[in-house]
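Reviewing the structure listed below.
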Amino acid sequence: MSASPRADGQPAGGGRGTPPHHRRRYDVIVVGAGLSGTLVAKRLGDQGWRVLVLEAGTGTLDTWPGHLDAMNTYYAAAAKVPNSPYRPNAAAPSPDVLDLAGLPDGGFRASGYFVQNGALPYGSDYLRANGGTVMHWLGLTPRMHPEDFAVRRTFGYGRDWPLGYADLESHYRAAERQLGVAGDAQEQSEAIGLPFPEGYVYPMHRIPRSYLDDVVAAKIDGVPVQESADSPGTTLRVVTTPHARNSVPDARYDGGRGYRPAGAAGLPNYGERCVGNASCVPICPVQAKYNPLKTQATWDSRVTLVTRAVVSRVLADGNGRAIGVEYQAYDDPAAPVHTTHTAEADIVVLAAHAIENAKLLLVSGLAGHSGQVGRNLMDHPVLLTWGLMKHPVGPFRGPASTSGVESFRTGPARKRRAPFRIEIANWGWGWPAASPGSDVARLLGITGDSGQPRGRGVFGEELRRRLGGGIGRQFSLQFELEQEAEGRNRVTIDPRHRDRLGNPRPVITYDLSDRVKRGMAAAKAVSDRVFGLLEAEDRTVYGPGPFSPGHFRFEGQDFAFNGAGHGAGTHLMGDSRDSSVVDHWQRCWDHPNLYAVGCGSMPSVGTSNPSLTMAALALRSSERIHRDLTELHRPVTVRTGGGDRTAASRVPGPAPSPHSHPQQEVRP
């Protein structure tokens, strides 16, 4: 659904701009205006609850001029990394992939927001700004496979979910509607085995396969490959990937009612179709890719967004009930000046990212019964391979990946090594070698070492010829591996390490298990076989150095991995308060009115990009929060000297909501 822009250029939904420091009590406080927080606020606002959303970062991106400023910042950035369009904010700092550097003889050096003390680097970033990390996500929305929810029971590793695929299926569909997913449900069912209701179609037709997808499919579809000499063959097949990216609406959707794509935030009639730009990460120029600002534009007026409000701790009473939050309001992101405020609510929802949620719980001394807060930090470690085709394949056009190979996501091999999915990368060597900028620099004689003299370059026709002869043949594969929950991988805080406002910075301890490393070895073996089928020239090289902070050796081989930006774990859900932080509603076991939502609740991550699952979980939790609030506001009968009278169950309380039967309610 599109919304009309307001006269001041702001999106139409919700209230925003002026910190409501004079008004402190709400039905719900949501910490974080990323994907989860935005969806929770949307659902609860639509149901009549007063919601305060506190966002640590700025809100400059939610207008069209703000979007254009981000585009210009991206154009001017030397390194086109995920956070490059978004201005640094010392009051609410974000980790950045450029904070890591490899050392000449192996190992890594970390700077920036994270304090890292693990054997290997945690290589993922996130964004603290209105819209959150989904402002720079890839936009892929595959569902998790049913067997991903029970890896302990089925394969003997990691942790199981307290719910299954069937419990989440309707919420997957709700999330696909909310995000506007383009895909082919029949293909997902046939190729991967994902269950869908009979006749289900995605809101929009799938994003078309790239020319590279077709080239790869022509060579590998139906071919069995072996990971090792003693392993069974696995049949390859190129499968399109569901996207939260506007394509052509499917007229069959929703019983024939169809679907209307959401346009750009601040310019709603723009961006209703993907037009093939190749900068989806970090920013879609036309906003055809989903971002939370589109949902915020449809917020009910009961939802109030306050940006530049860093929540520093959650407040709780002596009975363990959360009563609100303390937050720091600032004007200038570059200055340490701020004012401290409190806000109160019946329910507090932490939706600030897996690492920020854990940090807040640790700072607040809450949810600590199980000892699991901050533990089980996960990601999808990514192994890249790259090479040259014999002929041009048209890289650097369209979304980063439109298809993949899903054959290695499931099956008994998970008992011995991490499963993986393969993304066919449409952007050449953009990720593994920073192409095409690095190709131009190399041919101009510019090295990556500013201390070395510039070499002899080529120019003019020779430069064009050599660039055209190489870049057009580039392709790469991205192997995303499942990482299991391990208590040793964790987020902690240390009072010696603080940010500009005096809040603790996350201290990260991270490593990869041998299980993940065996998965990488299997992935590389599959890559070798695929390159052979494609008759491609393999240019993959792993070794220590400044651009390989994730380098390691395993069983005599060199590898290097990258973070996927899929931070998960840190406040896992489970079926016991002794071993998990939240229940299957993402509600803290120790605090019945405190929720911690997002990927931090996921006990396992499978191999699919996690944002769709995170959105489904947020929508599911919204249902529970609504019921909690309804119960809390339920009128009760009290006996007085003058007879019975009906009153609200909670005193004092907010304004009547549609769910508290206001016609029966007697305000104190």
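So here's what we get for this one:
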| item | result |
| --- | --- |
| Set of aspartates and glutamates near residue 390 by C-alpha distance (under 14 Å), chain-local residues within fewer than 8 positions excluded | 535, 537, 538 |
| Calculated log₁₀ intensity ratio I(q)/I(0) where the Debye formula runs over C-alpha points of the range 351-454, q = 0.10, 0.14, 0.18, 0.21 Å⁻¹ | -0.59, -0.88, -0.99, -1.09 |
| Residue-normalised accessible area of the chain, expressed per residue, 1.4 Å probe, Å² | 38 |
| Largest to smallest accessible area among 515, 442, 143, 634 [probe 1.4 Å] | 442, 634, 515, 143 |
| Cβ-defined net charge surrounding residue 32, 14 Å radius [Lys, Arg +1; Asp, Glu -1] | +2 |
| Computed over the chain: relative contact order in percent, which uses C-alpha pairs under 8 Å that are six or more apart | 21 |
| Burial order of peptide ranges 190-199, 623-632 (average beta-carbon count within 10 Å, highest first) | 623-632, 190-199 |
| Computed helical MRE - 222 nm, the chain, DSSP H runs ≥ 4 contributing -39500 (n - 2.57), nearest 500 | -6500 deg cm²/dmol |
| Cβ-placed point charges (K, R +1; D, E -1), dipole of the chain about Cα centre in debye, nearest 20 | 700 |
| Column: log10 I(q)/I(0), Debye, Cα scatterers of the range 321-398, q = 0.14, 0.20 Å⁻¹ | -0.72, -1.07 |
| Surface/4 estimate of mean projected area, convex hull on alpha-carbon atoms of the range 43-167, nm² | 12.7 |
| Centre separation in Å (Cα based) which lies between the range 150-182 and the range 337-382 | 23 |
| The range 540-614 and the range 195-241: distance between their alpha carbon centers, rounded to Å | 26 |
| Selection from 381, 271, 72, by position along the positive dipole direction of the chain (Cβ) | 72 |
| Peptides ranked, highest mean first, by Cβ atoms within 10 Å: ranges 42-49, 606-613 | 606-613, 42-49 |
| Per-residue SASA entry for residue 514, accessible area with 1.4 Å probe, Å² rounded to 10 | 90 |
| Axial C-alpha extent at least 27 Å, average Kyte-Doolittle at least -1.0 - helices from the chain (DSSP) | 514-534, 611-632 |
| Sequence ranges 595-602, 338-345, 241-248, ranked by mean other-Cβ count within 10 angstrom, highest first | 595-602, 241-248, 338-345 |
| Trypsin sites (Lys or Arg not before Pro) restricted to DSSP loop in the range 333-391 with at most 15 other C-beta within 10 Å | 390 |
| Charge context of residue 408, other residues only, Cβ under 9 angstrom, K/R +1, D/E -1 | 0 |
| 19 Å Cα-Cα reach of residue 524 towards lysines, excluding residues that sit fewer than 8 places from it in its own chain | 219, 415 |
| Cα-based radius of gyration of the range 525-619 once divided by 2.2 N^0.38 Å, which approximates compact folds | 1.58 |
| Net charge, residue 470 excluded, C-beta distance under 14 Å - Lys, Arg +1, Asp, Glu -1 | +4 |
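The values are calculated or read from the model by the stated rules, or taken from the named source; none is laboratory data. Owing to the predicted nature of the structure, the values given are computational and were not obtained by experimental measurement. Counting neighbours? That spans all protein chains shown, and the Cβs are built from the backbone with ideal geometry, glycine included. These accessible areas exclude ligands, DNA and RNA; they are computed on the full protein's heavy atoms, side chains included. Shrake-Rupley method; radii C 1.70, N 1.55, O 1.52, S 1.80 Å.
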